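One structure is given below, encoded as structure tokens.
Bear in mind these aren't lab numbers, they're just calculated from the coordinates by the rules spelled out. For clarity, every value in this text was computed on a predicted model and none was experimentally measured. Here the Cβ positions follow ideal geometry from the backbone for every residue, glycine too, while neighbour counts run over all protein chains shown.
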Ligand code: SF4
């Protein structure tokens with residue numbers, strides 16, 4: 001993407017006029033918003049767009065995380081989660097263990113299982129297919145959102161298969177959607193310095209393009225607050241917007257705030273709350289073709305996540321039990337929120353909570369049947385934008 005130096009420079013008034021007319025913002029506009037010290041005006045514009053689409057509601061889902069393996073062949077400098085092959089503490093769970101974990105989940109039955117992990121040297125497509133089949137055999141209604149584009153690209157590389165073939169096999173085994181992880185920052189400069197060797201930006205985008213073509217929806221992320229520049233953030237958003245124009249397969253965009261602990265990066269601070277709000281608001285305004293912007297409380301912290309609901313975000317992540325990737329990196333948020341806690345957070349922020357499933361359909365539950373997995377299964381109904 002080339003940011004043009006020609007034409008009239010954007011200002012808050014010209015951008016507000018575009019928002020008023022429903023006109024698409026340019027990369028120069030996004031760059032201006034990211035650099036503006038008038039955070040209140042940026043937030044007001046983003047909130048306007050957010051409320052035009054979703055009114056006062058804020059969605060959340062009830063999910064659980066399972067990391068099938070923490071062993072990874074890569075060495076991303078921002079990662080606190082991985083173990084090298086052969087290192088103490090590395091693991092690869094079996095399909096039976098995965099099913100056992102789902103069976104043992106306490107609390108309100110989840111609608112979604114989020115499964116991501118490292119790029120294991122020997123686990124192949126058939127390993128993941130066996131996990132999904134085993135889980136679906138006992139929990140057919142549970143939506144499996146699994147494998148980042150980086151993991152899919154790694155499976156394709158070691159299996160000498162194309163992305164389409166890998167995704168088709170996994171879909172047939174029970175994969176329902178892809179999470180948005182592994183995007184980091186698309187700029188080659190940043191990738192070379194932080195996560196060289198794993199999937200390139202082009203590969204990440206291609207995996208999602210192919211997935212969308214196969215009817216597998218997905219999310220997109222961006223890891224910000226480390227060595228990236230504002231231009232590189234805009235480039236990242238621009239590439240996502242272009243792909244979404246082409247496929248329409250992204251459900252939500254999730255800006256991920258960098259956490260500095262237990263990794264090889266020599267940066268001692270993550271982004272401030274103000275910076276996070278600015279990135280979230282700019283994303284809402286620039287990604288006009290993304291239905292949802294998520295405030296991922298695990299990384300933002302609960303207070304900033306609440307604020308983000310007035311800076312463009314319309315969704316909080318779920319109840320998230322057993323999350324390790326960001327907690328190992330120093331996230332000080334709780335490892336789980338109960339449904340009552342997440343609803344209270346949303347209500348305290350002045351929004352109306354709505355449980356959704358992975359596809360953003362409203363979930364109706366019988367409140368008297370919510371304690372045992374598999375019992376009192378929720379039903380989903382489509383919700384109008
Ligand atoms: S971020 Fe993912 S690919 Fe990179 S080292 Fe960690 S687990 Fe491996």
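Specify the residue with the greatest mean-square fluctuation among 174, 215, 249, computed from a Gaussian network of the chain linking alpha-carbon atoms under 10 Å apart. Of the options given, 215 has the highest mean-square fluctuation.
Neighbour counting of Cβ atoms within 10 Å sorts the residues 122, 108, fewest neighbours leading, into 122, 108. Listed from fewest to most Cβ neighbours within 10 Å, the set 152, 293, 144 follows the order 144, 293, 152.
With neighbour counts taken as other beta-carbon atoms within 10 Å, the residues 198, 171 rank, fewest first, as 171, 198. Need one word for region 190-316: rounded, prolate or oblate. Basis is the Cα gyration tensor (sqrt eigenvalues a ≥ b ≥ c); a/c below 1.5 gives rounded, then a/b vs b/c decides. Verdict is oblate for region 190-316. If the chain linking residue 202 and residue 159 were pulled fully straight, counting 0.36 nm for each residue of separation and taking away their Cα-Cα distance, it would gain 13.5 nm.
Per-residue ellipticity at 222 nm computed for the chain from its helices equals -12000 deg cm²/dmol, with DSSP H segments shorter than 4 residues left out and the rest contributing -39,500 (n - 2.57). For region 51-376, what's the relative contact order in percent, using C-alpha pairs closer than 8 Å and at least 6 residues apart? Value for region 51-376: 23 percent. Normalised size of the chain, defined as Cα radius of gyration per 2.2 N^0.38 Å with N residues, equals 0.95. Put the Cα centre of region 260-299 next to the Cα centre of region 189-212 and the gap is 19 Å. Is the C-alpha gyration tensor of region 8-117 telling us rounded, prolate or oblate? Criteria: a/c under 1.5 is rounded; beyond that, a/b larger than b/c is prolate, otherwise oblate. In terms of gyration-tensor shape, oblate.
Give the relative contact order (percent, whole number) for region 1-157; include only Cα pairs under 8 Å separated by 6+ residues. Across region 1-157, relative contact order equals 21 percent. Modelled spin-label separation between residue 242 and residue 75, with each label point placed 7 Å from Cα along the Cα-to-Cβ direction: 3.2 nm.
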